[in-house]
Amino acid sequence: MTGTYPHVTLNNGISMPALGLGVYQSKPEETMGAVATALNTGYRHLDTAAAYFNEAEVGEGIRQSGIDRSEIFIETKLWISDYGYDEALHGFEKSSRKLGVDTIDLLLLHQPLPAHFDKTMAAYKALETLLADGRVRAIGVSNQSPEELERLIAETDVVPAVNQIQVHPYYTQPEWRAANEKHGILTQCWSPIAGAYTYNGNEKNPFTEPTLVDLGKKYSKTPAQVMLRWHLDHGFSAIPKSVKPERIAENFDVFDFSLTADDIAAIDALNTGVSGSIDPDSITLEERGMPIPE
Ligand code: NAP
């Protein structure tokens, strides 16, 4: 790897490596190896969630890597079944215990849960307490619409540092990104190489997309690397997932080039406006509120 690993400064002054390894759908038995491989490749940021059921394996991967915990930015998310004030404090304890760490660098609310926004708000207030107590270094949200952000900010004290949302060249989310920017909230991009778009059966394939293939040829990079560079050049954080060592390395080898304004505009123009996933507001406690084990 050549070039400098970019970092972003969150709205509370905390520095976060812009590129991290995501582990959604990484099977528990694959997660430890993927995490250790990523850390030994140079990654210093990991994104997991209570609802991925692999926090313990993320912790094991950290220990297996031999990299000191203090060098690693650990991000996780509370699931909706742990919303409410006391429940969220307990949810943090479960996550930190499974990860094997005392402090979590960034803790997010995974979903907005609009039908129980009171519980969402109470959970966010618990995040504020954890922040004040030094148990987490930054707090944020995920999948929150501009309207939900307005409401949350009006009713709480700490503006989220991050809103983790689906962003990739086929779904660029300009309105949600603008709302984040308006409040000084960093946009962190899930499915950054269009994973959700691809595995949910949409017809377009970013890996054969002419714009991305041509830009790859221009810079001697793959379409995945071009997409990741697009995120970094926009100033976003991106958390690509892979369990394959060669792809983990490929996705990290993006610091030795940058895109021009025209290149970025050409990728922006690939937006279809079609989400690769379900509407986050359709996720309900009744249907998806599975318990998170101790
Ligand atoms: P993604 O990172 O865009 O794509 C992952 C898919 O692409 C996997 O199937 C992976 O397979 C494959 N892949 C990885 N690198 C590749 C490469 N260089 N060339 C070709 N294929 C490649 O999608 P994602 O996993 O949905 O999103 C990334 C992370 O975002 C998640 O792991 C999770 O941490 C987070 N996320 C958050 C939410 C939320 O609601 N907040 C939702 C979804 C995801 P292999 O593993 O086999 O390589």
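The values are calculated or read from the model by the stated rules, or taken from the named source; none is laboratory data. Note that this is a predicted model, so its numbers are computed, not measured. No Cβ is skipped: glycine too gets one built from the backbone with ideal geometry, and neighbour counts run over all protein chains shown.
Considering only the range 196-204, I want to know if a residue exists there that is more than 10 Å from the ligand (Cβ to nearest atom) and in contact with an Asp or Glu (Cβ under 8 Å, 6 or more places away or on another chain).
No - not one qualifying residue is present in the range 196-204.
For the range 210-225, check the following and say yes or no: at least one residue is under 28 Å from P146 (Cα atoms) and surrounded by fewer than 16 Cβ atoms within 10 Å (Cβ to Cβ).
no
Working carefully through the options N251, N180, N202, N271, find the one that is at pLDDT 95 or above, over 24 Å from F73 (Cα atoms) and surrounded by 14 or more Cβ atoms within 10 Å (Cβ to Cβ).
N271
Considering only the range 1-50, give the strands (runs of 3 or more DSSP E) lying wholly within it that have at least 3 residues that are at negative phi and either within 16 Å of the ligand (Cβ to nearest atom) or hydrophobic (A, V, I, L, M, F, W, C) (or both).
Numbers: elements: 7-9, 15-17, 45-47.
Passing ranges, in order: 45-47.
Does W190 satisfy being surrounded by 17 or more Cβ atoms within 10 Å (Cβ to Cβ), under 20 Å from the mean Cα position of the chain (by Cα) and either of a type in the set (S, T, N, Q) or under 30 Å from E87 (Cα atoms) (or both)?
So W190 fits the description; yes.
Test of understanding: among S237, S275, S220, S258, which residue is polar (S, T, N, Q) and touching a Ser or Thr at 6+ places or on another chain (Cβ under 9 Å)?
Selected residue: S237, the only one of S237, S275, S220, S258 that is polar (S, T, N, Q) and touching a Ser or Thr at 6+ places or on another chain (Cβ under 9 Å).
Yes/no matrix, rows are residues, columns are (1) outside any helix (DSSP H, G or I); (2) under 23 Å from D279 (Cβ atoms); (3) aromatic (F, W, Y):
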site	(1), (2), (3)
L127	no, no, no
L149	no, yes, no
V159	yes, no, no
R177	no, yes, no
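Would a scan of the range 51-63 turn up a residue that is in contact with a Phe, Trp or Tyr (Cβ under 9 Å, 6 or more places away or on another chain), more than 12 Å from the ligand (Cβ to nearest atom) and of a type outside the set (A, V, I, L, M, F, W, C)?
There is no residue in the range 51-63 that is in contact with a Phe, Trp or Tyr (Cβ under 9 Å, 6 or more places away or on another chain), more than 12 Å from the ligand (Cβ to nearest atom) and of a type outside the set (A, V, I, L, M, F, W, C).
Please give the number of the condition K77 fails out of (1) in contact with a His (Cβ under 9 Å, 6 or more places away or on another chain); (2) not in a strand (DSSP E or B).
(2)
Looking at (1) near the ligand (Cβ under 9 Å from one of its atoms); (2) among the hydroxyl-bearing types (S, T, Y); (3) closer than 30 Å to F117 by Cα, can you tell me which one S275 breaks?
(1)
Run down A249, A266, A224 and say which single residue is farther than 27 Å from Y52 by Cβ, in contact (Cβ under 8 Å) with a residue 12 or more places away in the chain and not in a loop (DSSP other than H, G, I, E, B). Reasoning before the result, please.
Values: A249 fails: farther than 27 Å from Y52 by Cβ; A224 fails: farther than 27 Å from Y52 by Cβ.
From the options A249, A266, A224, the qualifying one is A266.
Counting only residues that are surrounded by 23 or more Cβ atoms within 10 Å (Cβ to Cβ) and among the small types (G, A, S), which one in the range 68-119 is nearest to S237 (Cα to Cα)?
For the range 68-119, the residue satisfying everything is S95.
Considering the range 228-246 alone, what residues qualify as being in a loop (DSSP other than H, G, I, E, B) and within 18 Å of P206 (Cα to Cα)?
Within the range 228-246, I239, P240, S242 qualify.
Of V213, V243, which residue is within 10 Å of the ligand (Cβ to nearest atom) and either of a type in the set (S, T, N, Q) or more than 14 Å from T172 (Cα to Cα) (or both)? Quick ask: steps written out before the conclusion?
Numbers: V213 fails: within 10 Å of the ligand (Cβ to nearest atom).
From the options V213, V243, the qualifying one is V243.
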